[in-house]
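Contents: one structure, followed by commentary.
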Amino acid sequence: MINVTKTFLPPQQEYDAILKRTWDAGWITNRGVLVKELEAKLKAYLGVTNIIATTNGTLPLQIAIKALGLTGEIITTPFSYVATTSSIVWEGCTPIFVDIHPDYLTIDETKIEAAITNKTSAILATHVFGNPCALEAIEAIAKKHQLKVIYDAAHCFGVSYKGQSIFNYGDVSTCSFHATKLFHTGEGGALFCKEKYFRSMYLHHNFGHDGPDVIRSLGINAKMSELQAAMGLAILPYMGTILEQRKKGVLLYNEILKDVKVRTLQLREETEWNNSYYPVIFNNEVQLLRVKKALESKKIYARRYFFPSLDSLSYVNGSNCSISKSISKTVLCLPLWAGISKSEIDLVCKIIKDNI
Ligand SMILES: *Cc1c(COP(=O)(O)O)cnc(C)c1O
């Protein structure tokens, strides 16, 4: 069986050795030594100034919306994982969908201003498959209209844009450390923000606790546990290898698929990418379904990601995001992980070639 991804697991004895510190301390959550160590190491590794480790990649989105005091309408992309939209609705705001760029697959910055009303409080956009949004244009729009900017950077571990971590852009950026993501802690995530928001974000992720006896603000429980942090600490030393091996996989796919009439991801310039996904855009949905079925007959499970377009969710107002709807129906993420073999990639590509 070949799945769309394979979770990287560190050597078990290395994970055990880190876990042993938890046993020795008798302390498994509430920001113990491992969470603090992971945060410190991630700061250095990623080149970010502020980080809060969280229990998944969805709560930091909700915390960002809450702690920035957002209300009314939030302009967002329909081409993302459901968590981007559900977080807006969960926090009592209304998602206003703006269509995506057909090549970069991120929110189309040229269509944002037309969607702004006097109820708009923020832009929440996703760096799709680790491909950056039009950061400068979005920042200029936000400044002009006094909007906050949150980036769902769930796919972006290790991505930099113009020489610095993508997590440094926007008022807040969030990442997911879910087991299917490039760097993971089983379940987990992180919130990155500008210095002026850090204290508020920090309080919000831990019930508003300011020390054991003081509740300073509203909050929720989004703390990462020591057991999660142990996994992150065990994986971090392998990130160089993981990124290198994924790149090899991507280059192989590029080479084999270059003569095949399907589209692949167009990266924004000045991006150092993390090779997190290998999306292929077919010419139509019939073709995609034919390829997917042929792959499945050989026990190869590619994934329709992202599907459906989020403007068609049952709990939002519809929209006319025709590009997102069309891409969602025709995009398939091919199997990719650190260590995927040439023969596995050859097989996937052969089946694609035979069925389009
Ligand atoms: C994975 C993902 C999330 C959610 O992260 P979890 O850690 O699963 O909560 C949010 N947004 C995007 C774009 C994702 O891919």
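The values are calculated or read from the model by the stated rules, or taken from the named source; none is laboratory data. Quantities reported herein were computed from a predicted structural model and do not represent experimental measurements. Using ideal geometry, Cβ is built from the backbone for each residue, glycine included, and neighbour counts are taken over all protein chains shown.
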Helices (runs of 4 or more DSSP H) completely within the range 24-98 that count 3 or more residues being under 21 Å from His184 (Cβ atoms), within 14 Å of the ligand (Cβ to nearest atom) and under 21 Å from the mean Cα position of the chain (by Cα): 59-67, 82-90
Any chance Lys329 is touching a residue at least 40 places away in the same chain (Cβ under 8 Å), more than 16 Å from the ligand (Cβ to nearest atom), basic (Lys, Arg) and surrounded by 15 or more Cβ atoms within 10 Å (Cβ to Cβ): yes
Check on Thr117, within 23 Å of Asn317 (Cβ to Cβ), assigned by TED's automatic domain parsing to the domain that holds Asn56, touching a residue at least 40 places away in the same chain (Cβ under 8 Å) and part of a helix (DSSP H, G or I): no
Unique residue being assigned by TED's automatic domain parsing to the domain that holds Thr180 and at positive phi when the list is Gly57, Gly32, Gly92: Gly92
Any helices (runs of 4 or more DSSP H) falling wholly within the range 191-276 and containing at least 1 residues that are in the same structural domain as Gly47 (by TED's automatic domain parsing), under 21 Å from the mean Cα position of the chain (by Cα) and closer than 18 Å to Leu68 by Cα: 195-204
Residue within the range 75-92 that is touching a Lys or Arg at 6+ places or on another chain (Cβ under 7 Å), modelled with pLDDT of 95 or more, crowded, with 18+ Cβ neighbours inside 10 Å and over 17 Å from Lys194 (Cβ atoms) present: no
Flag for Asp103 being over 18 Å from Cys175 (Cβ atoms), more than 18 Å from the chain's Cα centre (by Cα) and surrounded by 22 or more Cβ atoms within 10 Å (Cβ to Cβ): no
Selected residue [touching an Asp or Glu at 6+ places or on another chain (Cβ under 7 Å) and under 22 Å from Asn317 (Cβ atoms)] from Pro95, Pro78: Pro78
Residue list for the range 180-217, filter: under 15 Å from Ala53 (Cα atoms), among the small types (Gly, Ala, Ser) and either without any contact (Cβ under 8 Å) to a residue 24 or more places away in the chain or within 16 Å of the ligand (Cβ to nearest atom) (or both): Gly186, Gly188, Gly189, Ala190
Failed criterion for Tyr104 (all others in (1) assigned to a loop (DSSP other than H, G, I, E, B); (2) touching a Gly at 6+ places or on another chain (Cβ under 9 Å) hold): (2)
Positions within the range 268-288 being of a type outside the set (Asp, Glu) and surrounded by fewer than 16 Cβ atoms within 10 Å (Cβ to Cβ), in sequence order: Asn283, Asn284, Val286
Qualifying residue in the range 146-166 (condition: crowded, with 21+ Cβ neighbours inside 10 Å, assigned to a helix (DSSP H, G or I) and within 14 Å of the ligand (Cβ to nearest atom)): yes
